[in-house]
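A short reminder: the numbers here are calculations on the coordinates, not readings from a lab. All figures in this text were calculated on a predicted structure; none of them were measured in a lab. Positions of Cβ are generated from backbone atoms using ideal geometry, with glycine treated the same way; all protein chains shown enter the neighbour counts.
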Amino acid sequence: MTNPADDFTTLDGGDGLRAVFSPAGAQLVALYVPTRSGGPVQTVMGSSGRLDAPDGDSWAGTICGRFANRIAGASFTLDGVSYHLPANEGDKQLHGGEAGFGHLIWRAEKTDKEVVFRLDSPDGDMGYPGALAVKAAYGFDGHTLYLDMTATTTKPTVVNLTHHVYWNLLGKGDILGHLMQIPASRYTPVGDNLIPLGPLAEVAGTRFDFRDKRPIAGAYDHNFVLDAGRGALHLGARAIEPVTGRTLEVWTTEPGIQLYTGEHFSPAIKAPFSEHVKNAGFALEPQTYPNAANEPSYPSPVLRPGETYHHRIEWRFSGF
């Protein structure tokens, strides 16, 4: 493992909770939680703290945007105007493109209680209309780490911000034995290109039914349609490490959550505070649905001048 970088910022939440951040992608690099034996465990996997780390995971721990997840054909139409985006995953755009928000240096400021990151995305950035001003504030509230994200635009545009942290509540090994619970009666089926096929599907009777907690057990890279929808802060997922009882709840104001199980992880992925095997971490990415810019039936990602995009994520820890 490498040494921490000079520009990493540490936020102490008390009671053994401590987070480390990098301006690269407004990245969460490490999150220490207390244990019943007294020593902390580092629960964030794969965050290199650097842009384009050749042996790292380029999205781990970052804020993804301007549009997280995938946009089919790397294009969308808004108010009758077609916008063509640079593709970075086959013919699709993923996480806002090669120079998306997770691959940029954000301005950082530490206050007594928060680490605040800001980013100005110019009109036409990665093909998107409108100059976007983004603010992302991390802080602790008891045993909760929160991320509060806002954005405003100068032109009608689409916005879908999420956080791409990978968790392992044991701090080592793989996460396939973690218990997962997701309050979602439906999900978005995808084709081989991981673009949703359109209509939502029921999870009942399928491997996507996590309404009752059960082991992750296999590979996932899918969006779950949360029963609570978009609006007030609500539970997006609950993960439990069965040996220790450590529990993570992900709360969100958005209508969907993407579960990805780190199929690409290997010892070749380097990070200053974690080591890796396949499936070393799971990502739970709250957001609107993938390809929502092209699916009118999905919750809208459209942001217009005079409006403020707001997405709050809370990671609530217990079972110490």
Item to complete: Run down PRO215, PRO199 and say which single residue is touching a Leu at 6+ places or on another chain (Cβ under 8 Å) and not aliphatic (A, V, I, L, M).
Response: PRO215
Worksheet item: Could you list, in sequence order, the residues of the range 218-234 that are closer than 12 Å to GLU254 by Cα, over 15 Å from the mean Cα position of the chain (by Cα) and either surrounded by 14 or more Cβ atoms within 10 Å (Cβ to Cβ) or aliphatic (A, V, I, L, M) (or both)?
Response: VAL225, LEU226, ASP227, ALA228, ARG230, ALA232, LEU233, HIS234
Practice prompt. Considering only the range 83-111, state which residues are over 17 Å from LEU161 (Cβ atoms) and charged (D, E, K, R).
Written response: GLU89, ASP91, LYS92, GLU98, GLU109, LYS110
Discussion item. Among the numbered criteria (1) in contact with a strand residue (DSSP E or B) (Cβ under 7 Å, 6 or more places away or on another chain); (2) in a loop (DSSP other than H, G, I, E, B); (3) small (Gly, Ala, Ser), which one does ALA99 miss?
Written reply: (1)
Discussion item. For the list (1) in contact (Cβ under 8 Å) with a residue 12 or more places away in the chain; (2) within 29 Å of LEU17 (Cα to Cα), I need the number of the one condition that PRO267 fails.
Written reply: (1)
Fill in: Tally, over the range 5-19, of residues that are surrounded by fewer than 20 Cβ atoms within 10 Å (Cβ to Cβ) and touching a Ser or Thr at 6+ places or on another chain (Cβ under 9 Å)
6
Item to complete: Any residue in the range 69-84 that's under 12 Å from GLU295 (Cβ atoms): show its pairings with residues that are in a strand (DSSP E or B) and aliphatic (A, V, I, L, M) at Cβ separation under 6 Å, as long as the two are six or more apart or on different chains.
Response: ARG70/LEU94
Item to complete: Determine if the range 258-268 includes at least one residue that is buried (at least 22 other Cβ atoms within 10 Å of the Cβ) and among the acidic types (Asp, Glu).
Response: no
Practice prompt. Specify the residue that is farthest from the chain's Cα centre (by Cα); the eligible residues are those in the range 141-153 that are over 18 Å from THR62 (Cα atoms) and not β-branched (Val, Ile, Thr).
Written response: GLY142
Worksheet item: For the range 53-70, does any single residue satisfy the condition of being aromatic (Phe, Trp, Tyr) and over 19 Å from THR162 (Cβ atoms)?
Response: no
Worksheet item: Listed residues SER37, SER22, SER48, SER58; which is of a type outside the set (Lys, Arg), within 16 Å of the chain's Cα centre (by Cα) and either farther than 26 Å from GLU114 by Cβ or surrounded by fewer than 22 Cβ atoms within 10 Å (Cβ to Cβ) (or both)?
Response: SER58
Discussion item. Here is a check on your reading of the model: is TYR32 part of a strand (DSSP E or B) and crowded, with 21+ Cβ neighbours inside 10 Å?
Written reply: yes
Discussion item. Please pick out the residue among PRO199, PRO242 that is surrounded by fewer than 18 Cβ atoms within 10 Å (Cβ to Cβ) and within 24 Å of SER297 (Cα to Cα).
Written reply: PRO199
Worksheet, complete the sentence: Scanning the range 261-283 residue by residue, those more than 13 Å from ASN69 (Cβ to Cβ) and touching a His at 6+ places or on another chain (Cβ under 9 Å) turn out to be GLY262, PHE265, SER266, PRO267, ALA268, ILE269, LYS270, LYS278, PHE282
Worksheet item: Any residue at all in the range 284-297 that is surrounded by fewer than 20 Cβ atoms within 10 Å (Cβ to Cβ), more than 26 Å from ALA53 (Cβ to Cβ) and not polar (S, T, N, Q)?
Response: yes
Discussion item. Six or more apart or on different chains, Cβ atoms under 6 Å: show the pairs whose first residue is in the range 34-48 and within 22 Å of LEU284 (Cβ to Cβ) and whose second is of a type in the set (Asp, Glu) and part of a strand (DSSP E or B).
Written reply: GLY46/ASP57
Discussion item. If I filter the range 63-86 down to residues being surrounded by fewer than 17 Cβ atoms within 10 Å (Cβ to Cβ) and touching a helix residue (DSSP H, G or I) at 6+ places or on another chain (Cβ under 7 Å), which single residue comes out as nearest to GLU285 (Cα to Cα)?
Written reply: PRO86
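Residue-wise test of (1) loosely packed, with under 15 Cβ neighbours inside 10 Å; (2) in contact with a Pro (Cβ under 7 Å, 6 or more places away or on another chain); (3) touching a residue at least 40 places away in the same chain (Cβ under 8 Å).
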{"position": "MET149", "(1), (2), (3)": "no, no, yes"}
{"position": "THR157", "(1), (2), (3)": "no, yes, yes"}
{"position": "VAL165", "(1), (2), (3)": "no, no, yes"}
{"position": "LEU169", "(1), (2), (3)": "no, no, yes"}
{"position": "LEU179", "(1), (2), (3)": "no, yes, yes"}
{"position": "ALA204", "(1), (2), (3)": "yes, no, no"}
{"position": "PHE208", "(1), (2), (3)": "no, no, no"}
{"position": "ILE216", "(1), (2), (3)": "no, no, yes"}
